[in-house]
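One structure is given here, and the rest of the page talks about it.
The values are calculated or read from the model by the stated rules, or taken from the named source; none is laboratory data. In this text the structure is predicted, and so the values were computed from the model without any measurement. Here Cβ is always computed from backbone atoms with ideal geometry, including for glycine, and neighbour counts include all displayed protein chains.
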Amino acid sequence: MGCQPLPIATRRLTAKESTASLLARLGHYARGSRPIDAAANTVALVIAGNQPFYPIYLFAIAGDKGWPSLLTWFSTPLFLAVPAVGRRHSLAGRALLCIAGLGNTAISNLALGGASGIPLFYLPCMILCLTLFGRGERRVQIALVAAATALTFGLIHTPAMFGPFTPGETHSLQRVHGFSVACLTGFLAVLLTRAYRRTAAS
C-alpha cells in the first residue's frame, strides 16, 4: 500500500503542535536568572524575529532603493546571541543587547539617512541603556549612554549613503519608522515595568 496523506485535521494539529513547541523553546531560551535578564532576552528575540520582515516594508515603499535595509540582518546574530551570552555573564548579555541596538540603528541611519526617521530608534536604545543596569554597573551604563548620545547627535542629519529618496518616499519612511518606534517603546515600557515589579516583589 502507498503512503496515505494525513487528514487535514491531523495536519493542522501537527502544525499547531510544532508552533507550540517552537514557542516553548523560545520561551525557555528567553529565561533569565533575574527578571531584568529575562526582559532583555525577550526584547532581543522579539527584535530578531521582526528583522526579516523589515526589508519588505522598505521595498514596498522605495522599490530597489530599499535594499540597504538588508544591512540590518548583520545584527540579527547579535540579538539572537543575547540570551546565550547572558547565561554566562548577565552584564555582558544586557550590554550586548544595547550594543546590537545601537549598531543596527547606526547602520540604518547611515544607509537611509537621518530624514528617514531612523534616528527615532535611538530613543528605545537609550531607554535600554538607562534601565537595564544596576548600581554596580554604572561604568558600563555611562559608556553606553554616551555612545547613544554621540550617535544620535552625530548622525541625525546624515544624508542617505546610497542615494536620496523622493519626498513621498521619505514621508512614508518616517511614518513606518515612527509607528515602529512607538510600538517598541510601548512594549519596552510594559516589559521593563513588569521586570522591576517582579524584582521588588522577590
Subject >> For LEU123: the one exception among (1) of a type outside the set (S, T, N, Q); (2) touching a helix residue (DSSP H, G or I) at 6+ places or on another chain (Cβ under 8 Å); (3) buried (at least 20 other Cβ atoms within 10 Å of the Cβ) >> reply: (3)
Original post:
Does region 146-167 hold any residues that are small (Gly, Ala, Ser) and at pLDDT 95 or above, and which are they?
Top reply: ALA146, ALA147, ALA148, ALA150
Original post:
Got at least one residue in region 115-126 being hydroxyl-bearing (Ser, Thr, Tyr) and closer than 26 Å to LEU173 by Cα?
Top reply: yes
Original post:
Just checking, how many residues over region 22-79 are in a helix (DSSP H, G or I), under 22 Å from CYS98 (Cβ atoms), touching a residue at least 40 places away in the same chain (Cβ under 8 Å) and among the hydroxyl-bearing types (Ser, Thr, Tyr)?
Top reply: 3
**OP:** May I ask you to verify whether THR131 is surrounded by fewer than 20 Cβ atoms within 10 Å (Cβ to Cβ), at pLDDT 95 or above, among the hydroxyl-bearing types (Ser, Thr, Tyr) and under 27 Å from PHE179 (Cβ atoms)?
**Re:** yes
Original post:
From the list VAL176, VAL181, which residue is in contact (Cβ under 8 Å) with a residue 12 or more places away in the chain and over 18 Å from ALA44 (Cα atoms)?
Top reply: VAL176
Original post:
Could we say that THR105 is among the β-branched types (Val, Ile, Thr), modelled with pLDDT of 95 or more and in contact with a helix residue (DSSP H, G or I) (Cβ under 6 Å, 6 or more places away or on another chain) here?
Top reply: yes
Original post:
Got a sec? Which of GLY101, GLY114, GLY93 is under 30 Å from PHE162 (Cα atoms) and buried (at least 22 other Cβ atoms within 10 Å of the Cβ)?
Top reply: GLY101
**OP:** Have a look at ILE118, ILE156 and point out the one that is out of contact with any His (no Cβ under 9 Å at 6 or more places or on another chain) and touching a residue at least 24 places away in the same chain (Cβ under 8 Å).
**Re:** ILE156
